[in-house]
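Each reported figure results from applying straightforward, stated rules to the coordinates on display, with no laboratory input. As the structure is a computational prediction, the values presented were derived from the model and not from experiment. Positions of Cβ are backbone-derived with ideal geometry, glycine not excepted, and every protein chain shown enters the neighbour counts.
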Amino acid sequence: MRACFVFASLALCSLVACAAPALAPAPSPPSPSAAVPVATSEAGARALVDLSARLQGAWVAKLPSGKEVHQSFRAISSNSALVESYRSGQSETMSVYHADGASLVLTHYCAQGNQPRLRLGPVTDGVLVFRFVDVTNLQPEKSYLVEKRLQFVGDGLEQTEIYRDPAGATDTTVFHFKRENAS
């Protein structure tokens, strides 16, 4: 009986000791003067608003095989992010575009299970080029997105995606999207 009491007492003390840090008051936030400086430019936000205005809605592209690819764009979170949904058959991927200080970033949630991040570079001749920054959850045998280009051509959208495979070779696919309800 005494052994059970000692064991129960030790278990309770261990539980209290482990929970104590969680029960401690949270430290106060740093003073504004100690905060890390953040870019205050609105260029990224303006770029997102401009891109969102042109892309929102449903798009469709036909592949050489005759198969259709559907893509849609919609603003979320008080217009602070633009979600791109891409469907081909039963597979769906998403990319989320958002401002990061003075620049525009996209995170691609790939069907291969990785999440590359790309940042918008200088816009030349109306072509928006997002280039690789980093990738999370990359499996050694999987490819990942390293560049995405968007260009408006007439009332269509030309989208180029470049993937890098595990051996370092790249594969480029160009899609010619039209508004889904356009004839």
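Quick notes
- For the range 115-183, fraction of C-alpha pairs farther apart than 20 Å, in %: 37
- Here the simple spin-label model places points 7 Å from the Cα toward Cβ, and for D100 and R87 these points are separated by 3.0 nm.
- Equivalent-ellipsoid semi-axes of the range 43-179, from the Cα gyration tensor, Å, largest first: 21, 19, 15
- Of the chymotrypsin sites (Phe, Trp or Tyr not before Pro) in the range 69-148, those whose Cβ has at most 11 other Cβ within 10 Å and which sit in DSSP loop: none
- Qualifying aspartates and glutamates (Cα of each under 17 Å from Cα of K62; at least 8 residues distant if same chain): E92, D155, E158, E161, E180
- Rounded to whole Hz, the Karplus (6.51, -1.76, 1.60) HN-Hα couplings of the range 103-113, x for glycine and proline: 10, 10, 10, 10, 10, 9, 9, 7, 5, 7, x
- Computed log₁₀ I(q)/I(0) - Debye formula, equal Cα scatterers, no solvent, the range 98-139, q 0.17, 0.18, 0.27, 0.30 Å⁻¹: -0.50, -0.54, -0.92, -1.01
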